[in-house]
Amino acid sequence: MSKALFYEKLDHGRVKCTLCPHFCVIPEGKAGFCGVRTNKDGELESLVYGKVSAAAVDPIEKKPLFHFKPSSLVFSLGTLGCNMHCGHCQNWEISHVILAENFKEGKVYEIPKEKPTEYISPERAVEMAIQYDCQGIAWTYNEPTVWFEYTLDCARLAKEKGLYTVYVTNGYINPEPLDMIGPYLDAYRVDLKGFSKEFYKKVAKVPDFKPVLDSAIRAKEKWGMHVEIVTNIIPTMNDDDEQLNAISSWIKENLGENTPWHVTRFTPCLEYSKLPVTPEDTLEKAYEIGKKNGLKYVYVGNVFGHQLENTYCPKCGNLIIEREGFDVVGFNIENGKCIYCLSDVDAVF
Ligand code: SF4
């Protein structure tokens, strides 16, 4: 257990966590919504500092990040818990340390039972990244915000050692913690799961999605992070033209036309196990909507071998990065320029 950052002491031994927009008010002995930050003797503690539930060497394309250090390897770490409880979470075994179906808004949970984890210190995490020939570290698999203190310590060390750093996040973080870690993060891969309060309430169990929008803008504008957006397209939930138009227009207007948008195939799971997988033509429709709204780089994801996993030069239309799943198999860029028309490619190499 380690002392948490970002909380206020209240009366009757309660604490208010200010790390994310839930602002959980937590009585003594209880945990907040994410299930991994607890009130111990009137102080907020993290139950997951350095407790790694999953670690792997991944291609950066798996995050997915397609315009940031293409084909590099990234040391990827996750813990337990999440500040959203999505009904279709593919990583629910580590993120839903509290069963999603028991969730009621405003409820304060019992401290969850421990799940298998291994302690990896920030120093060791950075050493392992270098030892495994990774160029960077990503906090991923579950929501990185919930072990903020650990990611901050790791990120500082990683930058000292010349590694890049990545948050794979739902974007539900308050501005102050984002400003604290901002100087040490290079890329912010953020989900924009839908574009209505109703969607976020129903699917992710959070009251509003404005903080997600705000954090994506702040990451880019204030901290100069490379930002890519993912929307997992769930049949009947967020596959309507209205939401797809709203998401892609918002990205263009607020993050810019060069921001990659990944529209990924949903796989039935948990509360949404009776829905079908996303049809390819729905993903292609989302692609068309994104392009029509002015985005230069839209990708179809989770469909192995789909031609819209590739990058085409927005100027001359030639194939400049060819992908097969998470592998880059063709690379027609030199010195950051398309080899065919010599126009600049919008990416971090
Ligand atoms: S980080 Fe966890 S405890 Fe803190 S406000 Fe968010 S959900 Fe609540």
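If packing is taken as the mean number of other Cβ atoms within 10 Å per residue, what is the order of 130-136, 249-255, highest first?
Most protected by this proxy first, the peptides run 249-255, 130-136.
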Quiz item: Among 73, 185, 23, whose Cα lies farthest out toward the positive end of the dipole of the chain, if unit charges sit on the beta carbon of Lys, Arg (+1) and Asp, Glu (-1)?
Solution: 23
Quiz item: Residue by residue through segment 310-324, which ³J(HN,Hα) values in whole Hz follow from phi under the Karplus form 6.51 cos²θ - 1.76 cosθ + 1.60 (θ = phi - 60°), with glycine and proline marked x?
Solution: 8, 9, 10, 4, x, 8, 9, x, 6, 6, 10, 10, 9, 10, 10
Exercise. Mind telling me which of 69, 205, 222 comes out most flexible in a GNM of the chain, alpha-carbon contacts under 10 Å?
Key: 222
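Pull up the DSSP beta bridges for the chain and report the antiparallel fraction as a percent, rounded to 5.
Values: 30 of 57 bridges.
That works out to approximately 55 percent antiparallel.
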Quiz item: Taking the Cα-to-Cβ direction at residue 124 and at residue 16 and moving 7 Å from each Cα, how far apart do the two end points lie in nm?
Solution: 3.8
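In debye, nearest 20, what is the charge dipole magnitude of segment 295-348 about its Cα centre with +1 on Lys and Arg Cβ and -1 on Asp and Glu Cβ, if you could check?
Values: 4 positive and 7 negative charges, 39 e Å.
The calculation lands at about 180 debye.
Just in segment 1-91: which chymotrypsin sites (Phe, Trp or Tyr not before Pro) are loop by DSSP and have at most 15 other Cβ atoms within 10 Å? Provide the component values of the computation, followed by the final result.
Working: sites: 6, 7, 23, 33, 49, 66, 68, 75; in loops: 6, 23, 33, 49, 66.
Sites meeting the loop and neighbour criteria: 23.
Want the number for residue 56 to residue 331: 0.36 nm per residue separation, take away the alpha-carbon distance, what's left? Walk me through the intermediate numbers first.
Values: separation 275, 0.36 × 275 = 99.00 nm, distance 2.49 nm.
Difference between extended and current length: 96.5 nm.
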Practice problem: Go through 331, 279, 308 and say which Cα lies farthest out towards the positive end of the charge dipole of segment 220-334; charges sit on Cβ, +1 for Lys and Arg, -1 for Asp and Glu. | Solution: 331
Self-check item: Mean residue ellipticity (222 nm) of the chain, computed from DSSP H runs ≥ 4 via -39,500 (n - 2.57), nearest 500
Solution: -6000 deg cm²/dmol
Quiz item: How far, in nm, would the chain grow between residue 273 and residue 41 when pulled straight, counting 0.36 nm per residue and subtracting the alpha carbon separation?
Solution: 79.4 nm
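For segment 116-201, what is the charge dipole size about the Cα centre, in debye to the nearest 20, if Lys and Arg each add +1 at the Cβ and Asp and Glu each add -1 at the Cβ? Walk me through the numbers on the way to the answer.
Working: 8 positive and 13 negative charges, 57 e Å.
I would put it at about 280 debye.
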Quiz item: For segment 1-104, which trypsin sites (Lys or Arg not before Pro) are both in a DSSP coil and crowded by at most 15 other Cβ atoms within 10 Å?
Solution: 104
Quiz item: Just 52, 166, 230 to compare: in a GNM of the chain, with alpha carbon springs under 10 Å, which one fluctuates most?
Solution: 52
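Using the Cα centre as the reference, give the magnitude of the dipole from point charges on the C-beta atoms of the chain (Lys, Arg: +1; Asp, Glu: -1; all else neutral), rounded to the nearest 20 debye.
Details: 39 positive and 48 negative charges, 99 e Å.
Magnitude of the dipole: close to 480 debye.
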Practice problem: With a Förster radius of 25 Å, plug the Cβ-Cβ distance of residue 156 and residue 217 into 1/(1 + (r/R0)^6) and report the FRET value to the nearest 0.05. | Solution: 0.55
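Every number in this text was worked out from the coordinates using simple rules, so none of it is lab data. Note that the coordinates shown come from a computational prediction; the quantities given were computed from them, not determined experimentally. Reconstructed Cβ throughout: ideal geometry from the backbone, glycine too, with neighbour counts over all protein chains shown.
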